[in-house]
1. Please give the residues of the stretch 260-292, grouped as numeric ranges, whose backbone N is less than 16 Å from a label point set 7 Å along the Cα-to-Cβ vector of K231.
2. Work out the charge dipole of the chain with +1 on the Cβ of Lys and Arg and -1 on the Cβ of Asp and Glu about the Cα centre, then indicate which of P263, L30, Y376 is farthest towards its positive end.
3. Hey, quick one: spin label on K471, modelled 7 Å out along Cα-Cβ, who in the stretch 304-329 has an amide N within reach, i.e. under 13 Å?
4. Order of S18, S266 from fewest to most other C-beta atoms within 10 Å?
5. What's the center-to-center distance, using Cα atoms, between the stretch 43-61 and the stretch 523-586 in Å?
6. Using a 7 Å offset from the Cα along the Cα-to-Cβ direction at both E543 and S312, what is the distance between the two label points in nm, to one decimal?
7. Using +1 on the beta carbon of Lys and Arg, -1 on that of Asp and Glu, and nothing else charged, what's the dipole of the stretch 316-554 about the Cα centre, debye to 20?
8. Measuring from the lowest to the highest alpha carbon on each principal axis, how far does the chain reach, largest first, in angstroms?
Amino acid sequence: MTGENIVINVENVTFTYSGSKTPALTDINLKIREGERVLITGHAGAGKTTLCRLFNGLIPHFFRGKLKGDVYVKEYNTKRYDVSFLSHMVGMLFQDPASQLIAPTVEDELAFGAENYGVPPEEIRRRIEIYLEVLRLKEYREQNPHFLSGGQQQACALGSVLVMGSEILVLDEPTSNLDPIGTFQVFKLLNELSQRERKTLILVEHKLEELLPFVDRVIVLKKGEMVFDGKPYELIHREDLEELGIRIPQVTALARRLKQKIPEISIPMTLDEAYTTFEKIITKKNINREKCEEVAKNYIANKYTKYKGEASGEEPIIETVNLTHIYPGGTVAIRDVSLKIYDGEFIAIIGQNGSGKTTLVKHFNGLLLPTEGKVYVFGKDTTEASIIELSKNVGYVFQNPDFQICTRKVREELEFGLRNLNLPEEEIEKRVEEVTKALHLEDVLEENPFSLSKGERQKVVVASILAMKPKVLIVDEPTTGQDYRTSRDMMDFYKKLNDEGKTIIVITHDMELAAEYASRVIVLNYGRVLLDGPTPEVFTQIETLREAFLKPPQVTLLADKLNKYGIPKEILTIDAMYECLEKSLGGI
């Protein structure tokens with residue numbers, strides 16, 4: 001191995017998993033230097049996780065297959081040194097945090113790895129206190145991590161890696177389940193660690209809005225090949241970003257689009273850069289305030305038409321009355337929640353990690369029953385109905401698709417629920433064919449679901465639920481771990497179902513997609529409803545959202561900063577901002 005301060009060196013690596021004919025990685029050559037902050041991104045299934053598994057010896061010592069080439073961590077060839085040795089230097093957070101949690105309490109979990117590597121007890125205690133605070137886990141230190149929300153589990157798993165103090169951190173989607181403020185805090189922490197302690201950071205992420213300004217280098221994979229390796233500013237000027245599954249910051253996408261009409265515009269990467277850029281354009285070209293407000297008003301009126309309230313005069317299909325849920329052990333997850341959900345709505349439920357989002361929706365199909373209060377689904381008290389009866393009307397896709405997969409073939413998984421309904425064979429075949437085509441699963445019908453990527457497994461679960469034709473579909477974190485293109489495809493599919501009459505309820509930390517697709521937003525904060533209303537109304541309450549550790553889409557924050565120049569605060573999407581600027585700026 002050559003090169004000063006090279007801590008990871010990948011030389012001519014091609015890797016094919018056992019049982020697969022197609023290489024997961026092909027001819028990878030890569031050097032990472034001490035203290036570098038490297039982002040690895042690309043479409044779902046591009047090989048990002050496989051690449052990370054090379055860095056601590058999981059390949060070839062745990063995941064078997066055919067490995068060509070060599071990987072060095074410092075001077076150590078990973079073929080000759082096992083995972084336990086390499087993990088002294090390389091701390092790794094897996095894509096599925098729950099698979100890393102083994103201790104009975106959060107505090108024990110954070111201490112476990114460091115204790116095994118002989119870190120002095122007083123130093124372990126010092127680090128634990130720091131990361132409990134930063135990761136917002138202090139009040140959960142004595143709780144079993146498996147009883148926490150998905151986001152809190154992710155924070156706990158990340159904390160356990162950080163407490164070990166490894167000099168190289170490999171973090172596979174470390175914020176995929178975290179709320180926006182939590183995401184910001186984690187990236188801020190990692191930035192401070194890299195600067196103060198010269199940590200080498202290797203991050204697999206789709207959240208480029210927060211990461212691009214902070215990383216030194218971006219690597220993009222496509223179908224197992226490295227197609228880009230360069231600086232963030234070089235990446236955002238590429239023309240094939242959507243094809244690569246890359247979601248650039250909203251302000252960057254907006255400026256790229258406007259550049260066709262305003263060639264002199266600079267391409268910003270942060271909100272502050274965007275404010276400076278657009279302020280110059282607006283003042284130079286003399287914006288027509290009245291036209292801008294008219295365009296925004298019409299856009300909102302046409303886009304968010306599915307919102308319903310009591311004024312509609314309709315009967316709700318789901319209603320909670322003073323709903324409270326207390327888990328064994330005394331944790332109050334939901335407090336006195338009263339909601340009415342109407343037929344045909346598209347609702348996003350958002351809130352900080354542990355706010356009670358998943359607990360709330362599990363009452364809609366009888367997976368949980370109220371500790372206090374009532375829940376009515378299509379007029380039926382859920383305490384008087386079976387889960388099977390409720391599931392005919394309300395389908396629920398879990399946050400972790402693996403919790404719902406129970407067969408060895410995709411086709412069998414799609415048939416499973418239908419057979420439990422005792423449907424005729426011809427009807428089962430017809431429905432399976434419909435959902436297979438709708439979600440493009442034709443090529444994997446004979447595959448084992450667990451051999452697929454997480455995003456593909458989620459599609460299988462969605463298809464199995466849709467085959468049962470529920471009137472209401474609840475999807476918990478539908479875009480977690482998905483690349484931008486796949487995320488939009490999934491959300492477009494849910495919108496199509498909504499347009500066909502299904503009621504869609506999504507739990508999400510993705511404010512951008514919530515703003516674009518949902519007509520109503522419900523914000524939970526510590527188990528209570530903080531906000532509930534039409535999407536534009538909710539997302540313009542920036543200070544109130546901050547109470548729930550949330551922030552509006554980046555383009556909405558830009559609109560708020562530019563409001564003094566006549567840009568309406570209610571702008572929630574790139575399309576709305578582009579249309580507003582295009583029609584209200586003279587001479588473009």
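Rule-based calculations on the coordinates, nothing more; no lab input. Note that this is a predicted model, so its numbers are computed, not measured. Glycine also receives a Cβ, built like all others from the backbone with ideal geometry; neighbour counts cover every protein chain displayed.
1. Zone members listed by number: 267-270.
2. Toward the positive end, the furthest listed residue is P263.
3. Inside the label zone: 315-319.
4. S18, S266
5. Using only Cα atoms, the two centres lie 38 Å from each other.
6. 3.2 nm
7. Here the stretch 316-554 has a charge dipole of around 480 debye.
8. Projected onto its principal axes, the Cα set of the chain covers 72, 66, 52 Å.
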